[in-house]
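Let me begin by presenting the structure, written as structure tokens, before commenting on it.
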Amino acid sequence: MAEVSSVSADKNSSTSPHLAFTTISNIKLHIPVQLSLSKPNYKKWSRLFRLLILRFNLKGYIDNTTRVSSADDTEWYQFDALIQGWILATISDEVSDLVLSNNLTAHALWTAIYNLFHDNKHARAMQLEHRFRTTVKGQLSINEYCRLLKNLSEYLDNVDAPVTEHALVLQVLQGLPHNIRSQVQFLQYQNPLPTFLEVRSALLLVEQQQTDAMYGAGSPSTSLLSTGGGGGQTGSGYQRD
């Protein structure tokens, strides 16, 4: 009797669906990043995807170490189709249009995406490096300026030319106009150097102070102070610390 129960248990366990089929109803909850050509998110996307694949012990389907044994290997085709579905659900239309064509397996699809983001990477790295080193704030807001440099650093990382946070901070400071750089010049002499987020916060504060000063100089109360009577005394109505 016990033997029959054991056989039944083995049979049930062998036919139970893999956890990958039963626990993931929405892949975007596990990979909340849509791979796009217009965003520097390849490394983030591929990292999240690999973590998910490793969790379910399916890495062989994208690195080609788990291969189909025969045309009747139903399990292999099911897993491969599942992973292809995960990939296609987390990439943009512009990426899928470029990689779908003849890529009939998860490994081929994964490889095509890798190549798409790494082809001509040395030439792309040179172009991105030049743009990174020559970017200045200009008419951008501090938020836009910092985001642009951060994105450029991430694009460089995607082509295996990573930018250290130290270099990113120095470039942020280097590209500032004189009226802002003069107020935060001390930051480059701090040891250790402030982080990118700390520098960004300091610059946002300076930008806000300058905005307040500009609007304060034109307020009605300030105009009264500067044009009112009393011996011809003039003043700006705003005192900077």
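Rule-based calculations on the coordinates, nothing more; no lab input. As the structure is a computational prediction, the values presented were derived from the model and not from experiment. All Cβ positions, glycine included, derive from the backbone under ideal geometry; neighbour counts span all protein chains shown.
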- line: The long-range amide H neighbours of residue 35, using H built 1.01 Å from N in the peptide plane and a cut-off of under 5 Å, are 91, 92
task: Convert each backbone phi in segment 79-87 into a coupling constant with the Karplus relation 6.51 cos²θ - 1.76 cosθ + 1.60 (shift: θ = phi - 60°), then list the ³J(HN,Hα) values in order as whole Hz, x for Gly and Pro.
output: 5, 5, 5, 4, 5, 4, x, 4, 4
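Among 73, 119, what is the fewest-to-most ranking by other Cβ atoms within 10 Å?
On the way: 73 13, 119 10.
Least to most surrounded, the residues fall as 119, 73.
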query: Say the cut-off is 19 Å between C-alpha atoms; which of 39/121; 44/137; 39/59 go over it?
result: 44/137; 39/59
- prompt: What are the aspartates and glutamates whose alpha-carbon lies under 20 Å from the alpha-carbon of residue 150, with same-chain residues fewer than 8 places away excluded?
  reply: 129, 160, 165, 198, 207
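So if R0 is 25 Å, what FRET efficiency would residue 39 and residue 111 give, r being the distance between their Cβ atoms, rounded to the nearest 0.05? Let's see the in-between values first.
Details: r = 21 Å, r/R0 = 0.84.
Result of the calculation: an efficiency of 0.75.
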Length released on extending from residue 186 to residue 204, taking residue separation times 0.36 nm less the Cα-Cα span: 4.9 nm
- prompt: Any idea how far apart residue 151 and residue 28 come out in nm if each label point goes 7 Å out from Cα toward Cβ?
  reply: 2.1 nm
field: J(HN,Hα) series, segment 117-128, from Karplus relation 6.51 cos²θ - 1.76 cosθ + 1.60, nearest Hz, glycine and proline x
entry: 8, 10, 4, 6, 5, 5, 5, 5, 5, 5, 5, 5
